[in-house]
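Below is one structure; the comments refer to it alone.
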Amino acid sequence: MDRFLIRGGKPLRGTVPISGSKNAALPILLASILTDEKCFLENVPSLRDIQTVIRLLECIGKKVIRTEGAVEVQSQGKKLAPQVPYSLVSQMRASVLVAGPLLARWGRACFPLPGGCAIGLRPIDLHLFGFAKLGAVIRHRHGDIELTSPKLRGNRIRLPFPSVGATENILMAAVLASGTTAIENAAREPEIADLARCLKQMGADIEGAGTRRIRIRGVLSLRGFKHRTIPDRLEAGTYLLAAAITHGQVRLTRTDPGPLAGLLKKLRRVGCRIRAEKKTGLSLSAPKILRATSIHTRPYPGFPTDLQSPWMALMATARGKCRIQETIFEKRFLHAAELQRMGAKIYVRKDTATVKGVPQLTGAPIMASDIRGGAALVLAALAAKGTSSLQRVYHIDRGYEKMERKLRKLGALIKRIRQ
Ligand code: EPZ
């Protein structure tokens, strides 16, 4: 298991290019199951989760060719196997997004029920609720879920909560269903709009993706696609926060400032100066003293849960006291204990953490427990006095492309120790 050695205290300066979005690429790659034609996706980050989804596609019978920054998915001219192995679902919960396309295209999907994970229980009841509304029969057997339906039928599906994964899974199932489906209280994340753009290119009839109500008129078959993934807003946000915590000055390229509006508003309150440049550039200049600023996480367009942990790292060094409320995941505060090891003053009670900024964090041996919590610890270590040794870097490798190389280019003293 690799680890990072990070010597803190150096302000980040320079330009960093933002990679394609992991959370957009994952469902789009799985949408290739909906067709036998060739599918080509550009701007795909080189990440462990992308590798996992490629293995999943290969395992059910697709041929996948990976080139620098792109993935091509081809059909091998045979029926796809509907069974997904536990080894893949246990590595990446997004593997359940295979269910909607398999069900729609082949009438059957069988996958292990994912267990809980480091950020909470994460049930899939809303995915199953949507499939049942479309006419699928659901059976639980020996830890597996089996979905069957010779032909799905469109329906009105009102989600009790705007789940990102459930919206994506139901959307991919409904595109080949007979009749019209309306997903109400749908998630509005930009990754869903990107998936819908790609599905529309395949011939799907979709309106309203990116709003609360998505209307899908089923079609008989779908074509292949050539699509370019949107920039990763969470990676972009993480580098802005890295610039802020080190009192640096960083420019992002190949990004889209639009979906970052919620974060940028908060960063301005902290005291950062932010300038959008043309359509794809964004620069941030951080003040000497950061002002403590409270946040609460919400579904998009609210403050993203995925940036809650890096925000906590930032607040650990801000002047004053603030509150961080996590409303999306029930256990997404594991990073708080590691930040405390670095001298942060954080008190967690139920879904809220109170953070009292300290003038200086200190380097320590620390351990990542999920993608974003891991990123938060990297940020804290970059700002800390002395050296930190961060274990379990594989969590970070799931979601951040070449993180240590990008940070080194910004002047950070970080190196990967391979073990
Ligand atoms: C997606 O996960 C992202 N993953 C997550 O990113 C992100 O944190 C999350 O959306 C929220 O924005 C991908 O896109 C691959 P949800 P997802 O369904 O789809 C509850 C990262 O670090 N819920 O919107 O799993 C659930 O337990 C990752 O890149 C149910 O109760 O998120 C959670 O509390 C981690 N029943 C809340 O809804 C369900 O059937 C939000 O989950 C589904 C979800």
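The values are calculated or read from the model by the stated rules, or taken from the named source; none is laboratory data. Just so we're clear, the structure is a prediction, and the values are computed from it rather than from any experiment. Cβ sites come from the backbone with ideal geometry, for glycine too, and all protein chains shown count toward neighbours. Surface areas here come from the heavy atoms of the whole protein model, side chains and all, with no ligands, DNA or RNA. Shrake-Rupley method; radii C 1.70, N 1.55, O 1.52, S 1.80 Å.
Values as computed for the structure displayed
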quantity: Gap separating the Cα centres of segment 163-220 and segment 14-43, nearest whole Å; calculated: 17
quantity: Whichever aspartates and glutamates have a C-alpha closer than 19 Å to that of LYS385, once near sequence neighbours (fewer than 8 apart) are set aside; calculated: GLU338, GLU404
quantity: For segment 22-228, the fraction of alpha-carbon pairs in successive 5 Å shells from zero, as %; calculated: 1, 8, 17, 22, 23, 17, 9, 2, 0
quantity: Charge dipole (segment 22-228, unit charges on Cβ, about Cα centre) - positive-most of MET92, MET202, ALA136; calculated: ALA136
quantity: Restraint check, LYS266/LYS321; LYS63/LYS151; LYS63/LYS226; LYS266/LYS356, Cα-Cα greater than 19 Å; calculated: LYS63/LYS151
quantity: Residue-averaged [θ]222 nm for the chain, counting only DSSP H segments that reach four residues, each worth -39500 (n - 2.57); calculated: -9000 deg cm²/dmol
quantity: Rounded to 10°, Cα long-axis angle of helix 190-201 versus longest principal axis of the chain; calculated: 30
quantity: Backbone HN-Hα couplings from phi across segment 136-151 [Karplus 6.51/-1.76/1.60, Hz, Gly and Pro as x]; calculated: 6, 9, 10, 10, 9, 9, 6, x, 9, 10, 10, 10, 9, 5, x, 8
quantity: J(HN,Hα) series, segment 347-361, from Karplus relation 6.51 cos²θ - 1.76 cosθ + 1.60, nearest Hz, glycine and proline x; calculated: 10, 9, 9, 6, 8, 10, 10, 9, 10, 10, x, 10, x, 8, 7
quantity: Separation between Cα centres of segment 237-309 and segment 46-123, rounded to whole Å; calculated: 33
quantity: Protection proxy ranking of 376-389, 77-90 - average other beta-carbon atoms within 10 Å, highest first; calculated: 376-389, 77-90
quantity: Ordering of 180-190, 286-296 by packing [mean C-beta count within 10 Å, highest first]; calculated: 180-190, 286-296
quantity: Contact order normalised by residue count of the chain, Cα under 8 Å, 6+ apart, percent; calculated: 22
quantity: Carbon plus sulfur fraction of accessible area for the chain, probe 1.4 Å, in percent; calculated: 50
quantity: Set of aspartates and glutamates near LYS278 by C-alpha distance (under 12 Å), chain-local residues within fewer than 8 positions excluded; calculated: ASP256
quantity: Relative contact order %, segment 22-228, counting alpha carbon pairs below 8 Å whose residues are six or more apart; calculated: 20
quantity: Accessible area per residue, Å², the chain with all protein chains present, probe 1.4 Å; calculated: 41
quantity: Burial ranking of peptide ranges 202-208, 272-278 (average Cβ count within 10 Å, highest at the top); calculated: 202-208, 272-278
quantity: Solvent exposure ordering (accessible area, 1.4 Å, most first) of SER95, SER75; calculated: SER75, SER95
quantity: Amide H contacts of LYS226 (H built 1.01 Å from N, under 5 Å, at least 5 apart or other chain); calculated: PHE40
quantity: Charge dipole (the chain, unit charges on Cβ, about Cα centre) - positive-most of GLY224, ILE6, LEU102; calculated: ILE6
quantity: Inter-label distance for GLN83 and LYS38, nm, one decimal - labels placed 7 Å from Cα along Cα-to-Cβ; calculated: 3.2
